[in-house]
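These notes concern the structure reproduced below.
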Amino acid sequence: MSASLDDMYRDIILDHYRAPRGREPLPMADFSTGGHNPACGDQLELAVKIDDDIVKDIYVDCKGCAISTASSSMLAEILKGKTVAEAKKIATIVRAMLKGDEDVKIPEDLGDIDALEGVKKFPVRIKCALLAWVTFMEGLENYQNSTKNPDSPTTLE
Ligand code: ZN
């Protein structure tokens with residue numbers, strides 16, 4: 001990877017960190033949950049409004065490092081307006097990409113997400129980038145099979 005590409009990734013991540021998306025509180029959320037990455041101390045609050053099988057709105061507040069904050073901001077930006085099935089598919093792709101699955105290709109229309117690929121070079125930061133996506137997936141799964149507690153927080157192992 002060239003140095004200029006690194007700079008581009010850094011700029012995208014810093015842009016999301018400085019002006020995170022999805023900070024409007026969502027009082028009428030369909031599910032809300034939390035996430036925690038003990039390895040770094042990142043703490044995430046997530047709330048999602050679903051209407052007619054569309055992810056209408058996402059509230060995400062991450063108190064943590066630049067990577068976790070930027071990643072959660074990207075999640076809010078990209079998943080808003082997608083169908084639940086699309087959102088799940090995107091989250092699955094991002095998670096697999098961050099976990100190092102070489103076969104995963106990030107679709108072109110996902111905007112800034114590929115900036116997160118740069119994080120893979122820093123293994124201690126991968127969980128920071130993963131936190132929002134794993135929390136979203138687990139929150140959605142709990143919401144979809146409501147036999148479980150929908151508010152059970154996610155902690156990365
Ligand atoms: Zn972190």
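Sorted into 10 angstrom bins from 0, the C-alpha pair distances of region 1-145 split as 12, 46, 34, 7, 0 percent. Classified by the C-alpha gyration tensor, region 51-123 has an oblate form. Its axis ratio a/c, with a ≥ b ≥ c, is 1.5 or above, and a/b does not exceed b/c.
Where the accessible area of the chain is counted over protein heavy atoms with a 1.4 Å probe, how much of it, in %, is carbon and sulfur? In the chain, the share of accessible area belonging to carbon and sulfur is 51 percent. Think of region 42-142 as a dipole: +1 on every Lys or Arg Cβ, -1 on every Asp or Glu Cβ, centred on the Cα centre; then among LEU110, LEU79, PRO123, PRO123 lies furthest on the positive end. A straight Cα-to-Cα reach below 25 Å connects LYS89 with the lysines LYS49, LYS56, LYS80, LYS99, LYS105, LYS120, LYS121, LYS127, LYS148, residues fewer than 8 places away in its own chain not being considered. For the chain, the relative contact order is 28 percent, taking Cα pairs closer than 8 Å that sit 6 or more residues apart in sequence and dividing their mean separation by the residue count. Projecting the Cα atoms of SER32, ILE58, THR155 onto the dipole axis of the chain, where Lys and Arg carry +1 and Asp and Glu carry -1 at the beta carbon, places THR155 farthest toward the positive end. Here the chain is treated with +1 on each Lys and Arg Cβ and -1 on each Asp and Glu Cβ, and its dipole about the Cα centre works out to around 360 debye. Highest GNM mean-square fluctuation among ARG18, ARG125, ARG95, for the chain modelled with Cα contacts below 10 Å: ARG18. Ligands, DNA and RNA aside, ASP51 has an accessible area near 70 Å² when probed at 1.4 Å.
Based on DSSP H segments of at least four residues, each scored -39500 (n - 2.57), the chain has a per-residue ellipticity at 222 nm of -14500 deg cm²/dmol. How far is helix 123-144 tilted off the main Cα axis of the chain, in degrees rounded to 10, range 0 to 90? Between the helix axis and the principal axis of the chain, the angle is about 20 degrees.
Taking the 0 to 90 degree range and rounding to the nearest ten, how far is the long axis of helix 84-98 tilted relative to the main principal axis of the chain, both from C-alpha atoms? Once rounded, one gets 30 degrees. Its relative contact order, with pairs defined as Cα atoms under 8 Å and 6+ residues apart, puts region 32-109 at 20 percent. For the peptides 77-88, 39-50, the ranking by packing is 39-50, 77-88, with the highest mean count of neighbouring Cβ atoms within 10 Å listed first. Computed from Cα atoms, the angle from the helix 3-18 axis to the main principal axis of the chain rounds to 30 degrees.
The values are calculated or read from the model by the stated rules, or taken from the named source; none is laboratory data. Since we're looking at a predicted model, the values are computed, not measured. Because the Cβ atoms are built from the backbone with ideal geometry, glycine has one as well, and the counts that use them run over all protein chains shown. Areas reflect the complete protein model, heavy atoms only, side chains present, ligands, DNA and RNA absent. Shrake-Rupley method; radii C 1.70, N 1.55, O 1.52, S 1.80 Å.
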